[in-house]
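Just so it is clear, none of the values below were taken in a lab; they were calculated from the coordinates. All values reported here derive from a predicted model rather than from experimental measurement. Here the Cβ is made from the backbone with ideal geometry for all residues, glycine too, and neighbour counts use every protein chain on show.
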Amino acid sequence: MNTVISNPFRDKSLNGANGLNCVFCKIAKKEIAAEILYEDSDISAFKDAHPLAPVHILIIPKRHIESVNNWTRSDVQLAGKMIIVAKEIAEKAGIKDSGYKLLFRVGRDGGQEVGHIHLHLLGGARLVEDIHPVK
Ligand SMILES: [Zn+2]
């Protein structure tokens, strides 16, 4: 369970529209190893294989949902639970009081690299605000 896999998160060929070839679905089903920090019947959370901050954890729904664009009001409970789980993980990681970022990337312009909803939890250091249009 503690084996970190090599670079699946940046390989767009692993994204499947139906979830069959989706790397995050495979992590949720434990077909691919990741350092899982939390899981319940709906949600899995694991360390990003290529962390951008001292704490970089991804919180995903176990069910394959491509992006926030595919959520509807019927997903309110799942979306809210993902945020609460992120806060609980931040607390366990000792960064609740120092602060952290919660980030959903959506589609091309949002920089989403895996076609399965994932909430980034980033912290453990003061993070720069590097949001600007690509030149
Ligand atoms: Zn998936």
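Close amide-amide hydrogen proximity is noted between Ser44 and Ile60, Lys62, each under 5 Å apart and 5 or more residues distant or on a separate chain (H modeled in the peptide plane; Pro and chain starts excluded). Would you list Val106, Val76, Val128 from fewest to most Cβ contacts within 10 Å? Exposure proxy ranking, most exposed first: Val128, Val76, Val106.
Using only alpha-carbon positions in the chain, the gyration tensor eigenvalues give semi-axes of 21, 18, 17 Å once each is multiplied by 5 and square-rooted (largest first).
Where does each of Ile59, Ile84 land when they are ranked from fewest to most other beta-carbon atoms within 10 angstrom?
Ile84, Ile59
Shown in residue order for the range 121-130 are the 3J(HN,Hα) couplings computed by the Karplus curve 6.51 cos²θ - 1.76 cosθ + 1.60 at θ = phi - 60°: 10, 10, x, x, 7, 6, 9, 6, 9, 10 Hz (x for Gly and Pro). From its DSSP helices (H runs of at least four residues, each -39,500 (n - 2.57)), the chain gives a residue-normalised ellipticity at 222 nm of -5500 deg cm²/dmol. Rounded to the nearest 20, the Cβ-based charge dipole of the chain about its Cα centre (Lys and Arg +1, Asp and Glu -1) stands at 120 debye. As an exercise, use a Förster radius of 30 Å and the Cβ-Cβ distance of Asn70 and Lys47 to find the FRET efficiency, rounded to the nearest 0.05. After rounding, the FRET efficiency stands at 0.75. Using the Cβ-Cβ distance between Glu88 and Asp109 with R0 = 30 Å, the FRET efficiency computed as 1/(1 + (r/R0)^6) comes to roughly 0.50.
The label-point distance for Leu20 and Lys101, in a model that sets each label 7 Å from Cα toward Cβ, rounds to 3.6 nm. Listed values for the range 74-91 are Karplus-derived 3J(HN,Hα) couplings in whole Hz (6.51 cos²θ - 1.76 cosθ + 1.60, θ = phi - 60°), namely 6, 9, 4, 5, 5, 4, x, 5, 4, 5, 5, 4, 4, 4, 5, 5, 4, 5, and x replaces Gly and Pro. The residues Lys47, Lys135, when put in order of fewest to most other Cβ atoms within 10 Å, stand as Lys135, Lys47.
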